[in-house]
Amino acid sequence: MATTCTDYNFREIEPFWQTFWEKNHSFRATADPAKPKYYVLDMFPYPSGAGLHIGHPEGYTATDILARYKRTRGFNVLHPIGWDAFGLPAEQHAVKTGTHPAANTQNNITNFKRQIKALGFSYDWDREIDTTDPRYFRWTQWIFLQLFRRGLAYVDERPVWWCPELRTVLANEEVVDGRSEVGGFPVERRNLRQWVLRITAYAERLLADLAEVDWPESTKRMQEAWIGRSEGAEILFGLEHAAGATLKIFTTRPDTLFGCTYMVIAPEHPLVATLTVPEQKAEVDAYRRKAAAKSDLERTDLAKEKSGVFTGAYAINPVNGSRVPIWVADYVVMGYGTGAIMAVPAHDGRDHEFAIRFSLPIVQVIDSDGAPLPYVGDGRLINSGTYTGLPWSEAKQRITADLAGRGAGQATVNYKLRDWLFSRQRYWGEPFPIVWVSAGDYASISAVRRDKLPDQPVTFTQDGATHYAVPLPPESLPLQLPSVQSYLPSGTGESPLANETNWLELWFNFETGAAVPASQPKPAGAAWVRGRRETNTMPQWAGSCWYYLRFVDPRCETAIASSESLKYWGTPDIYVGGAEHAVLHLLYARFWHKVLFDLGIVPTAEPFRKLFHQGIILGEDGEKMSKSRGNVVSPDTIIESHGTDTLRLYLMFLGPLEAMKPWNPRGIEGVHRFLQKIWRELIALDGSVNAKVSRANQDSAELTKLLHESIKKVGEDIENLRFNTAISQMMILVNAIQKAPTINIETAQVLVQLLAPFAPHIAEELWSRLGGSQSVMLAPWPAYQAEKIASSEVKIVFQVNGKHRGDQPVPVGTTQETALALAKASARVAPYIEGKVIKRVIFVPGKILNIVVE
RNA sequence: GCCCGGGUGGUGAAAUGGCAGACACUAGGGACUUAAAAUCCCUUGCCUGAAAAGGCGUGCGGGUUCGAGUCCCGCCCCGGGCACCA
């Protein structure tokens with residue numbers, strides 16, 4: 001059972017074995033309680049029109065090696081793949097060509113599938129999923145409804161990029177230098193009604209549980225920074241002009257409260273209008289307008305010079321009653337803390353810069369031990385009334401506690417993490433399973449379906465009318481996308497779905513989810529209400545937030561996956577993908593997973609126990625691969641010229657998996673030659689087994705030792721994802737086999753087994769020709785024998801004062817005395833110790849003897 | 001500015017604190033060949049030397065250690081991420 005070629009003809013061998021695997025369903029994963037499971041997950045690709053990028057096969061080859069290796073170690077391996085297929089490019093293509101995004105997406109998937117199959121990955125294709133398939137996004141919508149029911153989804157006005165010329169909302173990547181990518185028209189920020197997910201409710205757990213996962217430290221640090229927990233205090237400042245009114249600020253430095261000489265509120269702060277005195281109104285309004293017109297980019301660009309205006313109002317410092325001027329400045333942002341700060345110019349760089357610029361007083365309250373201001377270090381308090389003399393950490397607690405006692409403040413924890421903007425004004429995404437109804441209808445629905453609704457109704461108000469969000473009954477899912485006339489946004493800021501009146505405006509049965517266009521008469525029955533569908537769609541993240549759960553039971557029609565499947569397969573044992581997802585995808589997925597955990601649906605609190613990032617492969621020029629640079633390498637080209645086994649091996653031999661490394665086409669020849677050499681050593685010119693390979697042959701002790709060392713090293717390296725050194729070891733073994741006049745056939749078979757996870761096609765072919773039964777994939781991984789590796793002799797290195805002065809083979813177990821005697825007798829060592837006093841001898845048995853002399 | 005990585009031959013890279021440069025690539029020389037390709041052998045960090053051998057060498061400067069690419073301190077450079085976060 002092999003091909004008939006006589007030389008290493010990868011063009012014949014590779015398709016042959018790919019067909020074999022496909023016919024035999026070699027990689028189908030079936031739950032088997034008798035076997036331990038191992039779930040290897042790749043970050044599933046977005047099927048772009050450009051096809052596979054060389055970065056895809058890098059990570060996918062790594063996981064494929066691991067998956068194939070684990071199978072031979074007796075694990076029941078789940079290694080699935082699918083498509084993250086909603087998203088902007090397909091929509092843009094649809095706008096341009098008028099073809100349905102689904103058609104374009106299917107074309108791209110077909111192409112991706114062809115490319116991925118050509119790489120010979122051991123995916124279980126029976127589990128293929130596609131996030132745009134209604135049978136899949138039915139459950140994405142279902143999870144949304146769980147979030148909605150638990151009060152974790154709400155509606156709010158949020159700023160988005162708006163292009164007046166195109167009359168459409170733009171994504172960040174569609175805005176280049178303040179202009180639309182298409183057409184180059186100016187863009188502006190505009191508030192639109194958006195769905196928002198309350199990820200901040202999980203901030204504490206998302207942070208704490210990072211301690212439980214085996215992830216790269218850098219990724220954990222990035223998530224920590226993104227969550228941005230800081231402890232401090234909220235402090236209420238009284239307002240001079242309005243008795244009883246207060247201004248709430250957040251600070252991490254309540255210990256510096258006596259050094260507060262002014263306050264700053266964000267331009268968007270709701271109190272700006274009421275605080276500002278009439279004389280300052282014009283100036284403040286002008287400043288606010290200017291700040292609002294600025295993009296985030298401009299606002300940070302202008303950060304070099306602080307700007308701001310005085311409101312004319314004063315606050316009262318709760319700790320000492322001093323009168324503090326209130327300013328408006330855009331270096332304070334509304335989205336963090338309370339949108340207002342107490343400024344302590346002596347101990348904060350930004351406040352200091354601002355105080356200098358506007359000649360505001362600077363009062364030092366922490367002893368800097370002579371260091372210049374601004375001083376942000378620790379120290380004892382000065383100029384701080386009864387707190388003077390306290391160490392700062394103690395002062396923080398005392399001042400906060402004292403303020404709390406008087407109702408003027410409290411200890412708080414703040415997060416940089418914001419709630420997640422979860423809607424897009426686009427066509428090509430999951431529709432929200434939500435219908436908006438009137439207050440009256442909501443009340444009647446609430447009377448009978450209370451358990452399906454959140455504790456607090458989700459509402460928005462427009463043109464004086466308040467709309468209430470009602471979920472579709474889960475049994476009525478999926479809510480499919482209607483076909484539309486145009487994929488262009490409606491022009492009002494709503495998605496193209498807003499133009500589909502018959503889909504949008506409806507009579508809605510809240511018991512069954514049934515819908516009838518509003519243009520038709522209202523059907524009979526108490527459960528029918530007048531509604532309008534949500535026109536937003538979900539972002540691409542939605543589908544990728546839970547796909548790893550669907551893989552365990554991809555065809556389940558009663559749940560996201562059956563509880564038995566979730567129990568057996570659980571979550572991925574290893575997850576491999578790019579570091580570009582370090583924050584967003586990996587944080588969003590953790591959030592959803594925790595919600596599902598709280599619902600009792602998944603058995604663990606964390607989705608990805610072990611995570612690994614493959615490094616980026618750069619172009620030959622050392623730059624990031626990109627179309628515009630023209631340095632993109634396609635896997636197809638290499639497969640055509642050298643075969644996929646060579647490509648796989650080369651990708652892994654380039655360097656450590658996690659490293660960023662440039663593509664170097666010359667190196668491909670090296671690994672290709674390695675495969676040809678293996679073929680030549682094992683197979684004769686006529687295609688039969690080479691005469692030097694026989695069951696009758698006895699391997700030399702050295703070759704036997706090397707073989708067992710190689711079994712050990714290759715296995716260990718695969719477990720640790722150090723594929724480059726595993727390949728080096730195989731090269732060393734093959735070089736030795738080449739030099740041996742004859743080898744035992746079992747040695748050849750073991751070599752083929754070691755090679756199989758890396759270069760599976762040639763391995764299958766050789767295995768078959770060497771007389772192996774069925775597939776090399778079914779042969780258990782060879783075991784090494786420790787006693788075959790142990791040798792009776794070791795080389796001991798002689799050093800004098802740490803410098804290498806020769807070496808000598810000695811029997812294992814040689815004592816320090818014997819070694820020292822040998823060293824003294826050595827012609828190379830002797831001159832360095834002659835006439836010198838030996839101060840000390842360092843002896844590492846079997847390794848090194850270091851003689852320290854005067 | 002802050003937070004992560006990283007800096008080793010002509011190149012990609014190896015190296016539990018213990019012989020720096022494994023394994024490859026490139027280049028040079030040789031064998032085989034009418035010739036070329038393929039294949040095989042030798043050389044390939046720098047300096048001195050015919051050789052044996054010796055000296056120097058892992059971005060720079062210090063330190064710890066019998067011994068440092070590896071650990072510590074201070075710099076420089078490159079890459080990535082975040083950034084007025086109170």
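Among the lysines, select those whose C-alpha is under 24 Å from the C-alpha of residue A:677, and discard any that sit fewer than 8 residues away in the same chain.
A:692, A:705, A:712, A:713, A:739
Which whole-number percentage describes the relative contact order of segment A:751-854, with Cα contacts under 8 Å and a sequence gap of 6 or more?
It rounds to 23 percent for segment A:751-854.
Mind giving me the FRET efficiency for residue A:460 and residue A:357? R0 is 60 Å, r the Cβ-Cβ distance, nearest 0.05 is fine.
So the FRET efficiency works out to roughly 0.90.
Considering lysine pairs in segment A:769-841 that are 8 or more places apart or on different chains, how many have Cα atoms under 25 Å apart? Intermediate results must be reported in sequence, preceding the final value.
On the way: A:795/A:803; A:795/A:824; A:795/A:839; A:803/A:824; A:803/A:836; A:803/A:839; A:824/A:836; A:824/A:839.
Final tally of qualifying lysine pairs is 8.
Which ³J(HN,Hα) values in Hz, rounded to whole numbers, follow from the phi angles of segment A:830-835 under the Karplus curve 6.51 cos²θ - 1.76 cosθ + 1.60, where θ = phi - 60° and Gly and Pro get x?
3, x, 7, 10, 4, x
Considering every pair of different Cα atoms, what Kirkwood radius, in Å, is found for segment A:1-145?
Evaluated over segment A:1-145, this radius sits at 17.2 Å.
Please tell me the relative contact order of chain A in percent, rounded to the nearest whole number, where contacts are Cα pairs under 8 Å and at least six residues apart. Show your work: numbers first, answer last.
Details: 1565 pairs, mean separation 123.0, N = 854.
Relative CO of chain A lands at 14 percent.
For segment A:78-129, I need the span (max minus min coordinate) of the C-alpha atoms along each principal axis, in Å, sorted largest to smallest.
Taking the Cα atoms of segment A:78-129, the three principal extents are 38, 19, 14 Å.
Return the equivalent ellipsoid semi-axes of segment A:288-434 as a descending list in whole Å, where each equals the square root of 5 times an eigenvalue of the C-alpha gyration tensor.
Semi-axes, largest first: 35, 22, 16 Å.
Using a ≥ b ≥ c from the Cα gyration tensor of segment A:786-844 (square roots of the eigenvalues), is it rounded, prolate or oblate, where a/c under 1.5 gives rounded and otherwise the larger of a/b and b/c decides, a/b for prolate? All intermediate terms of the calculation are to be shown ahead of the outcome.
On the way: a/c = 2.51, a/b = 2.25, b/c = 1.11.
It is prolate, given that a/c is not under 1.5 and a/b is the larger ratio.
Looking at chain A, what % of its DSSP beta bridges pair antiparallel, to the nearest 5?
75 percent
Can you give me the distance in nm between label points at residue A:689 and residue A:107, each placed 7 Å from the Cα along the Cα-to-Cβ direction?
My value for the distance between the label points is 5.2 nm.
Could you work out how much longer the chain between residue A:397 and residue A:231 gets when fully extended? Use 0.36 nm per residue separation minus the Cα distance between them, nm to one decimal.
That works out to 58.7 nm of additional length.
Figure the gain on full extension for residue A:286 and residue A:512 (residue separation times 0.36 nm, minus the Cα-Cα span) and round it to one decimal in nm.
Residue separation times 0.36 nm, minus the Cα-Cα distance, leaves 76.0 nm.
Show the residues, 5+ positions off or on another chain, whose built amide H is closer than 5 Å to the amide H of residue A:39.
Answer set, sorted by chain and number: A:78, A:573, A:574.
Under 8 Å for C-alpha pairs, at least 6 residues apart: give me the relative contact order for segment A:540-606, rounded to a whole percent.
Value for segment A:540-606: 35 percent.
Could you state the orientation-averaged shadow area of the convex hull built on the Cα atoms of segment A:325-382, in nm² to one decimal?
Numbers: hull surface 18.2 nm².
Orientation-averaged projected area of the Cα hull: 4.5 nm².
Quick one: grab Rg to one decimal and Dmax as a whole number for segment A:703-800, Cα atoms only, in Å.
Every Cα atom of segment A:703-800 included, Rg and Dmax give 14.8, 58 Å.
Once label points are set 7 Å from the Cα along Cα→Cβ at both residue A:658 and residue A:837, what is their separation, rounded to one decimal in nm?
4.9 nm
Average projected area of the Cα convex hull of segment A:387-486, in nm²? Mind showing how you got there, number by number?
Values: hull surface 52.0 nm².
So the mean shadow area of the Cα hull is 13.0 nm².
Along segment A:607-621, what does the Karplus equation 6.51 cos²θ - 1.76 cosθ + 1.60 (θ = phi - 60°) give for ³J(HN,Hα), rounded to whole Hz, x for Gly and Pro?
With the stated coefficients, segment A:607-621 comes to x, 10, 5, 10, 10, 9, 9, 7, x, 7, 8, 8, x, 4, 7 Hz.
Which length gain, in nm to one decimal place, applies between residue A:792 and residue A:31 when the Cα-Cα distance is subtracted from 0.36 nm times their residue separation? List each step's numbers first, then the result.
On the way: separation 761, 0.36 × 761 = 273.96 nm, distance 4.70 nm.
Going from the current span to full extension adds 269.3 nm.
I need the phi-derived Karplus couplings for segment A:322-327: 6.51 cos²θ - 1.76 cosθ + 1.60, θ = phi - 60°, integer Hz, Gly and Pro marked x.
After applying 6.51 cos²θ - 1.76 cosθ + 1.60, I find 6, 8, 10, x, 9, 10 Hz.
Counting DSSP beta bridges with both partners in segment A:56-210, what percentage is antiparallel, nearest 5?
Around 90 percent antiparallel, to the nearest 5.
How are the alpha carbon pair distances in segment A:722-854 distributed across 5 Å bins from zero to the largest one, expressed in percent?
Whole-percent P(r) values from 0 Å outward: 2, 9, 15, 14, 10, 8, 8, 9, 9, 7, 6, 3, 1, 0, 0.
How big is the Kirkwood radius of segment A:444-516, worked out from every pair of different alpha carbons and given in Å to one decimal?
14.3 Å
Given H placed 1.01 Å from N in the peptide plane, which residues other than close sequence neighbours of residue A:54 have an amide H under 5 Å from its amide H?
For residue A:54, the qualifying residues are A:633.
Please report the orientation-averaged projected area of chain A, defined via the convex hull of its C-alpha atoms, in nm². It would help to have the intermediate numbers written out before the result.
Numbers: hull surface 196.9 nm².
If I average the Cα hull's projected area over directions, I get 49.2 nm².
Since every read-out is calculated from the coordinates, none of them should be taken as a lab result. Being a predicted model, the structure only gives us computed values, none of them experimental. Neighbour counts run over all protein chains shown; Cβ positions are idealised from the backbone, glycine included.
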